[in-house]
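The values are calculated or read from the model by the stated rules, or taken from the named source; none is laboratory data. Small disclaimer: the values here were computed from a predicted structure and weren't measured. Heads up, the Cβs are rebuilt from the backbone with ideal geometry, glycines too, and the neighbour counts pull from every protein chain shown.
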């Protein structure tokens, strides 16, 4: 029973890997083109993984870097699954899909330009002490 279960899992894994490899070979030219454009635009990809028939990209930078990423994908015909808003100051994630390619990109963007901003004040009761000597 155990050996058969292990054998079945290995066959499933081999089928998945074969499918992933076939997907990569069908899309490698597009993946390479996007990578070259990013490099030419001065965008550093901190991590890139292939899996689940998707290219997972981790990019960090300021808002200009994020704008360049969007411009690159838009110029290649990709559409984002959503767009950053005012609440997405520290990080943002979305898929970029193309109507003519099965290749999709997952962007995980982290801001490197963060600073503390006062957003209000509050009154707090706080003990007050003085030094008393005997």
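Cβ-Cβ distance below 8 Å, separation of 6 or more or different chains: which pairs start in segment 1-27 with a residue that is touching a residue at least 24 places away in the same chain (Cβ under 8 Å) and end on one that is assigned to a helix (DSSP H, G or I)?
So the pair list comes out as 24/31.
Mind checking which residues of segment 38-73 are assigned to a helix (DSSP H, G or I) and closer than 14 Å to residue 95 by Cβ?
Matches in segment 38-73: 69, 70, 73.
Which of (1) farther than 12 Å from residue 107 by Cα; (2) surrounded by 12 or more Cβ atoms within 10 Å (Cβ to Cβ) is the odd one out, the single condition residue 11 does not satisfy?
Unmet condition: (2).
Suppose the filter is in contact with a helix residue (DSSP H, G or I) (Cβ under 9 Å, 6 or more places away or on another chain) and at pLDDT 95 or above; does residue 55 pass it?
yes
When you look at residue 95, is it in contact with a helix residue (DSSP H, G or I) (Cβ under 8 Å, 6 or more places away or on another chain), closer than 14 Å to residue 69 by Cα, modelled with pLDDT of 85 or more and part of a strand (DSSP E or B), yes or no?
Taking the combined requirement at face value, the residue does not satisfy it.
Which pairs turn up if I take residues in segment 92-110 that are more than 11 Å from residue 55 (Cβ to Cβ) and look for partners that are assigned to a loop (DSSP other than H, G, I, E, B) with beta carbon separation below 6 Å, at least 6 apart in sequence or on another chain?
Taking only residues 6 or more apart or on different chains, the pairs are 92/84; 94/81; 94/82; 97/104; 98/77; 98/78.
Return the total of residues in segment 103-128 being at pLDDT below 90, surrounded by 12 or more Cβ atoms within 10 Å (Cβ to Cβ) and more than 14 Å from residue 65 (Cβ to Cβ).
Count: 1.
Do we have any residue at all in segment 16-31 that's modelled with pLDDT of 90 or more, part of a loop (DSSP other than H, G, I, E, B) and over 30 Å from residue 117 (Cβ atoms)?
No, every residue in segment 16-31 fails to be modelled with pLDDT of 90 or more, part of a loop (DSSP other than H, G, I, E, B) and over 30 Å from residue 117 (Cβ atoms).
Take the residues of segment 74-89 that are assigned to a loop (DSSP other than H, G, I, E, B) and touching a strand residue (DSSP E or B) at 6+ places or on another chain (Cβ under 7 Å): which is farthest from residue 32 (Cα to Cα)?
Looking at the filtered set, the residue picked out is 89.
Go through segment 111-134 and give me each residue that's touching a residue at least 24 places away in the same chain (Cβ under 8 Å) and part of a loop (DSSP other than H, G, I, E, B).
112, 113, 114
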